[in-house]
Amino acid sequence: MNSQPLMAALLRPELLASKAYAVAPSTGLIKLDAMENPYGLPDLLRQAWLESLSDASINRYPDPHPDSLITALKKHIGLPAGIELMLGNGSDELIQILVTAVAGTGRPIMAV
């Protein structure tokens, strides 16, 4: 069954005309732009991390608003009072949240 006509009827034309995000090959490169670390963790740090995970409640969603983490990060990077910090699961999620919150026809929030 060809689902193309159904997709064309349901989806916005500008979405159908868009191209998929292409990830460039990274063989032999250190990709700092993708938040990737080409190096493994030092053994001491790996062991400490694994120990801290041993008591993690992985059967539960994480805290939706980790106030102590946000406070520590704001202090570490020196954010002044009144400036908020938004955390997410990578830049794609943060961009999606911003677009959902403010974008609309004739209301661009980014330009390339």
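Read the figures in this text as sums done on the coordinates, not as results from a lab. Remember, predicted model here, so these are calculated numbers, not experimental data. Cβ atoms come from the backbone with ideal geometry, glycine included; neighbour counts cover every protein chain shown.
Some observations on this one:
- Note on the chain: helix-only mean residue ellipticity at 222 nm, from DSSP H runs of 4+ residues weighted -39500 (n - 2.57) and normalised by residue number, equals -11500 deg cm²/dmol.
- Cα centre as origin, Lys/Arg/Asp/Glu Cβ charges: the range 6-111 dipole, Debye: 340
- The chymotrypsin sites (Phe, Trp or Tyr not before Pro) of the range 1-80 meeting both criteria, a DSSP state outside H, G, I, E and B (loop) and at most 14 other C-beta atoms within 10 angstrom of the site's C-beta, are 21, 39.
- Candidates 25, 71, 42 compared by Cα position along the dipole of the chain: farthest toward the positive end lies 25, with charges placed on Cβ.
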